[in-house]
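The values are calculated or read from the model by the stated rules, or taken from the named source; none is laboratory data. In this text, all values refer to a predicted model and were calculated from it rather than measured experimentally. In this analysis, Cβ positions are derived from the backbone assuming ideal geometry, glycine residues included, and neighbour counts consider all displayed protein chains. In case anyone asks, the SASA skips ligands and DNA or RNA and just uses the protein heavy atoms, side chains included. Shrake-Rupley method; radii C 1.70, N 1.55, O 1.52, S 1.80 Å.
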Amino acid sequence: MCLDYLKAKRHSPPNQRRRKLWELEERLHCPVIGTCLSIDDLKRVFRQSGVTMEAKASDFDYHVTLAHAASEKSRVTKNLQKMLDKRFTRHIKSISKVNCEMELAAHWEQALADDEIPGMLWALVTHPASTKTLSNQVYGEVHMLSHLSGRSHRKALAQIPLLEAERDSLEEMQKKQRAINDEQLAERDLRIKELEQLVTKLRQELTARETKQTNPESSVLQDTLQRQQRRNQWLTKTLAATRQELDEESERVRAMQELLQESREQLSVNEKNLAQLMERFRHDRLQAPSLPNLAGRRVVYIGGRRSLAPHLRSLVEGCQGDFIHHDGGVEDSRANLDSKLAGADMVFCPIDCVSHDACLRVKRCCKRTNATFVPLQSSGVSSLLNGLQKVTKQLA
């Protein structure tokens with residue numbers, strides 16, 4: 001327990017309480033709302049408070065609106081206070097008996113080490129023993145962490161092409177292995193069927209010869225029967241050996257199927273990582289300083305993988321541009337290619353995922369309409385981002 005605090009407590013009001021959200025310094029509202037609550041939480045507070053935002057309002061609009069409203073006591077800020085207190089009850093209780101700045105600072109350092117920043121941030125800034133010096137320290141560290149988070153998001157974005165390539169490689173390996181397994185299983189079934197038919201035929205011949213033993217030529221038939229029996233024994237052994245080989249082959253097929261399953265699971269993990277990276281990119285796109293400003297220009301993207309189209313659209317719209325996609329004639333009609341190119345300011349064409357004929361046709365159309373034509377080495381999101389940055393620098 002801090003002696004300075006005990007001396008001050010003798011001269012302070014006996015009913016000290018935690019500060020409310022609207023009682024905090026205004027500069028703390030932004031880091032508290034941005035760090036302690038998600039965008040879904042902010043939208044839920046608006047619904048609970050009966051406040052309606054515009055349909056086209058962005059995540060940034062929700063954040064800024066609540067940050068400005070937090071300085072006044074209202075239905076919205078009361079709901080925010082209730083949500084924060086309920087969510088971080090454990091953190092509030094953990095420092096409820098702390099009564100000096102030094103102990104609060106120690107709890108904050110431990111929260112940084114344990115990655116418990118949101119809960120401890122709320123509990124600390126509203127604590128009655130929190131001082132101006134401590135709040136300045138906490139504010140500065142949270143502010144710098146947001147910059148570090150932005151840099152980590154950009155690094156994660158650079159990993160997207162690697163994940164895409166790994167996913168494509170796993171899919172191709174899966175297709176090839178499935179074809180090999182199907183072919184091996186078909187050959188095994190055919191071989192078993194042929195051997196069973198041969199054994200059945202030999203048994204029938206053996207039965208027919210046994211019925212003719214009373215014939216004067218029985219000695220000759222007996223010799224023939226013995227040869228057939230020896231052949232039958234040899235075929236039986238061969239069939240047994242073949243079945244053993246087939247069992248071993250089945251075991252290898254089972255092992256390959258397990259490998260395929262592992263590959264599918266790894267592919268699923270990679271796809272989830274890719275989705276998370278894209279979700280982080282969409283969430284932070286308004287704060288990313290490296291994104292170019294297209295100023296409403298129309299961007300037409302020809303070719304590429306259809307599954308990436310939503311992510312490409314998010315990138316262009318995050319750069320304040322208008323995105324139009326045409327797959328180069330795979331599913332979209334080539335007849336409407338010219339109509340989609342009409343009015344385009346810049347056209348991007350990944351040369352690894354579009355036909356040579358379509359690429360030449362697009363290039364000629366761009367020359368007629370005086371649109372900027374940009375060939376891309378790959379169809380990934382990062383490749384388009386690099387192309388956008390180069391074009392906007394040229395247009396600047």
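Taking R0 as 25 Å, what FRET efficiency do you get between LEU259 and LEU112 from their Cβ-Cβ distance, rounded to the nearest 0.05?
Calculated value: 0.05.
On the full set of protein chains, 1.4 Å probe, figure out the accessible area of ASP189 and give it in Å² to the nearest 10.
Its accessible surface works out to 80 Å², give or take rounding.
Going from most exposed to least, what order do MET120, MET53 have by accessible area with a 1.4 Å probe?
Reading off the accessible areas and sorting them downward yields MET53, MET120.
Tell me the net charge near ARG297. Cut-off is 11 Å between Cβ atoms, ARG297 excluded, with +1 for each Lys or Arg and -1 for each Asp or Glu.
Once all neighbours under 11 Å are counted, the net charge is -1.
How much accessible area per residue does the range 32-184 have, counting only protein heavy atoms and a probe of 1.4 Å, in square angstrom?
56
Could you work out how much longer the chain between ALA396 and ALA186 gets when fully extended? Use 0.36 nm per residue separation minus the Cα distance between them, nm to one decimal.
Stretched out fully, the ALA396 to ALA186 stretch lengthens by 69.3 nm.
Going by accessible area, probe 1.4 Å, with all protein chains left in place, what is the ranking of TRP234, TRP108, TRP22, largest first?
Descending order: TRP234, TRP22, TRP108.
Starting from the residue with the highest accessible area, list ILE160, ILE351 in decreasing order, probe 1.4 Å.
Output order, biggest surface exposure first: ILE351, ILE160.
On the full set of protein chains, 1.4 Å probe, figure out the accessible area of ASP327 and give it in Å² to the nearest 10.
10
Using θ = phi - 60° and the Karplus curve 6.51 cos²θ - 1.76 cosθ + 1.60, what whole-Hz ³J(HN,Hα) does each residue of the range 131-140 get, with Gly and Pro shown as x?
The phi angles translate into 10, 4, 4, 5, 5, 4, 4, 5, 4, x Hz.
Near the amide H of LEU376, under 5 Å away, which other amide H atoms are found, from residues 5 or more places off or on another chain, if H is placed in the peptide plane?
Those lying under 5 Å, H to H, from LEU376 are CYS349, ILE351.
What do you get for trypsin sites (Lys or Arg not before Pro) in the range 166-203 restricted to DSSP loop and a cutoff of at most 11 other Cβ within 10 Å of the site's Cβ?
Nothing satisfies the criteria.
Using a 1.4 Å probe, how large is the accessible area of HIS68, given in Å² and rounded to the nearest 10?
Accessible area, nearest 10 Å²: 140 Å².
Using each residue's phi in the range 67-73, evaluate 6.51 cos²θ - 1.76 cosθ + 1.60 at θ = phi - 60° and report the 3J(HN,Hα) Karplus result to the nearest Hz, with x for Gly and Pro.
4, 6, 6, 5, 7, 10, 6
What's the carbon and sulfur percent of the range 34-73's accessible surface, probe 1.4 angstrom, rounded to a whole number?
The value for the range 34-73 is 48 percent carbon and sulfur by accessible area.
Can you give me the long-range amide H partners of PHE323? Hydrogens built in the peptide plane at 1.01 Å from N, cutoff under 5 Å, separation of 5 or more residues or another chain.
So PHE323 has HN proximity to VAL299.
If each residue of separation counts as 0.36 nm, what is the full-extension length gain between HIS68 and GLU141 once their alpha-carbon separation is subtracted?
The HIS68-GLU141 span can extend by a further 24.1 nm.
Based on the alpha-carbon set only, what is the convex hull volume of the range 21-138 divided per residue, in Å³?
98
Where in the range 376-396 does the amide nitrogen come within less than 16 Å of the point 7 Å from the Cα of ASN370, taken along Cα to Cβ?
Those under the cut-off are 395.
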